[in-house]
C-alpha cells in the first residue's frame, strides 16, 4: 500500500505550509484580540487572509469534483492536517466546518436552484451556514429520536422544534440553516421519517435563544447556539432530495465530515508534540532539563507512536473512501473517529502538563485545542455509537461459524 502523496497534493502542501508560516501563525494573537473585541464576527484578519488565499488558489480544497479543487480524500488529508494546526485556519481556505459538510450536502443532493442560491455563494465564501440537527430534549446520537416537526401546508412546509449546538449560526454572515426534522413521524420505517430542509436564517419564527459554551469557551466566530423554530414557513422547494430522505443525507454528509475532523486533529496533535518537545528542551527543574526526565521522554515517544498510528488509520480510511465509496469505508471511518479524537486529547493533555500553568492559560493554543479534541469525541456521533456500529458490523462479518 503506497501512501506517498501525489505530486499535486505535495505541491499544495508546500504552498499551504508556506502560507501558514507567513500569514497564519504570526497572526494568531491578532485573531484572538479582534475576536475578543467583536465576538461572533469574522475577525478582519481572517477576511484579509481569505482574499489572499483565494487569489493564490488555496480555496475549497476539501471538495472533490468540479465544484472544488478536485482532490481525492487521500490527497486532501495532508492539507487538512496542516490547516488543523491552528483552530481557525480552515476558514481562511474556505474549508471549515460546518460549511464544508453543508457544501458537500448541497453539491450531492441539492437541486439546480438550491445550488445557485446557496452553494454558489458558499463556494465563493460570501456567506456562511449552519447544520441544525441535535436537540436538547432527546438523545440525538439516535437520529430517530428527533422531535422537530416538518409539516406540509400547501406550497409551504411549517417547522416547529428546538435545536442546539447549531454550529455556525451565531455568525452574522450565516444566512442558511440546514434543518433535520420529521415529515412522517408515523412512518413504519423509522429511517424514512426524517427530512432535511433549507431554512434562511432570517425567516420569521427562527429564534436564537442563547449560545452554548464548550468547557467555558464560546464558539469563536460562529457559535453553537440553541435555536427555536416556531411556525417557520419555507417553500416546498426548500426540501432536500425529497421527503423521507433526511437520514440518507445525514449518513452521506457525516462520513466525510468525520474524516475531516480526524485529519485536522492529527495536525493539532502533531503541533502539540512539537510544542511539548520545545518546552521540554527549554525549561529546567531540579537541576536538569525537563527533557532529561525519563517519564517525559516516554510521553514524547508514546505521543509520536500514537500520532503515526492515527495518521495511518485516517489515510487508510480516506483511501478506501476514494476507491470503494463512503458506505464501504464506514468501518475505517468509524475506527478513525473512535481513535483520533481520543489520541489528540491525550497528546494535547501531555503537552499541557509540560507547560504547567501556562498550558491551561490563553498564552498557548493548547487549552482550546484540548476542548476541540474532547468535544469531537461527542460531535458527529459519540464514541459509543461508533464502537457499537463497528462491533455490529464485525460480528456480522466474522461472528458466524
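Quick check on residue 344: is it part of a helix (DSSP H, G or I), at pLDDT 95 or above, over 19 Å from residue 275 (Cβ atoms) and out of contact with any strand residue (DSSP E or B) (no Cβ under 8 Å at 6 or more places or on another chain)?
Taking the combined requirement at face value, the residue does not satisfy it.
Return the pairs, sorted by first residue and then second, in which the second residue is at pLDDT below 90 and part of a loop (DSSP other than H, G, I, E, B), the first residue lies in segment 208-225 and is over 18 Å from residue 29 (Cα atoms), the beta carbons are less than 7 Å apart, and the residues are 6+ apart or on different chains.
So the pair list comes out as 211/218; 211/219.
Criterion first (touching a residue at least 24 places away in the same chain (Cβ under 8 Å), surrounded by fewer than 23 Cβ atoms within 10 Å (Cβ to Cβ), part of a helix (DSSP H, G or I) and in contact with a helix residue (DSSP H, G or I) (Cβ under 9 Å, 6 or more places away or on another chain)) does residue 74 satisfy it?
Taking the combined requirement at face value, the residue satisfies it.
Within segment 135-159, restricting attention to residues that are assigned to a strand (DSSP E or B) and more than 29 Å from residue 221 (Cβ to Cβ), which residue is farthest from the chain's Cα centre (by Cα)?
Once the filter is applied, the top-ranked residue is 153.
Just give me the residues in segment 116-133 being surrounded by fewer than 23 Cβ atoms within 10 Å (Cβ to Cβ) and without any contact (Cβ under 8 Å) to a residue 60 or more places away in the chain, in sequence order.
116, 117, 119, 120, 121, 124, 126, 127
Kindly list, by first and then second residue, each pair from a residue in segment 7-30 that is without any contact (Cβ under 8 Å) to a residue 24 or more places away in the chain to a residue that is assigned to a helix (DSSP H, G or I), limited to pairs with Cβ atoms under 7 Å and residues at least 6 apart or on different chains.
27/45; 30/45
Within segment 228-238, can one find any residue that is over 16 Å from residue 80 (Cα atoms) and free of Cβ contacts under 8 Å to residues at least 24 places away in the same chain?
no
Tell me, please, whether a residue that is touching a helix residue (DSSP H, G or I) at 6+ places or on another chain (Cβ under 7 Å), assigned to a loop (DSSP other than H, G, I, E, B), at negative phi and in contact (Cβ under 8 Å) with a residue 24 or more places away in the chain can be found in segment 101-115.
Checking segment 101-115: at least one residue is touching a helix residue (DSSP H, G or I) at 6+ places or on another chain (Cβ under 7 Å), assigned to a loop (DSSP other than H, G, I, E, B), at negative phi and in contact (Cβ under 8 Å) with a residue 24 or more places away in the chain.
Does segment 352-366 contain any residue that is assigned to a helix (DSSP H, G or I), under 14 Å from residue 264 (Cβ atoms) and in contact (Cβ under 8 Å) with a residue 12 or more places away in the chain?
No; the residues of segment 352-366 include none that is assigned to a helix (DSSP H, G or I), under 14 Å from residue 264 (Cβ atoms) and in contact (Cβ under 8 Å) with a residue 12 or more places away in the chain.
For segment 6-60, which positions are outside any helix (DSSP H, G or I) and farther than 20 Å from residue 129 by Cβ?
Answer for segment 6-60, where residues must be outside any helix (DSSP H, G or I) and farther than 20 Å from residue 129 by Cβ: 6, 38, 56, 57, 58.
Output the number of residues of segment 218-251 satisfying the condition of being closer than 17 Å to residue 170 by Cβ and over 17 Å from the mean Cα position of the chain (by Cα).
Residues flagged as closer than 17 Å to residue 170 by Cβ and over 17 Å from the mean Cα position of the chain (by Cα) within segment 218-251 amount to 4.
Just for segment 45-71: of the residues that are at positive phi and surrounded by fewer than 18 Cβ atoms within 10 Å (Cβ to Cβ), which one is modelled with the highest pLDDT?
Here the residue is 57.
Can you tell which of 399, 356 is surrounded by fewer than 21 Cβ atoms within 10 Å (Cβ to Cβ), more than 18 Å from residue 312 (Cα to Cα) and at pLDDT 95 or above?
The unique qualifying residue is 356.
Being within 21 Å of residue 73 (Cβ to Cβ), touching a residue at least 40 places away in the same chain (Cβ under 8 Å), in the same structural domain as residue 306 (by TED's automatic domain parsing) and in contact with a helix residue (DSSP H, G or I) (Cβ under 9 Å, 6 or more places away or on another chain) is the requirement here; does residue 333 meet it?
yes
The values are calculated or read from the model by the stated rules, or taken from the named source; none is laboratory data. Just so we're clear, the structure is a prediction, and the values are computed from it rather than from any experiment. Note that each Cβ is placed from the backbone with ideal geometry, even for glycine, and that neighbours are counted across all protein chains shown.
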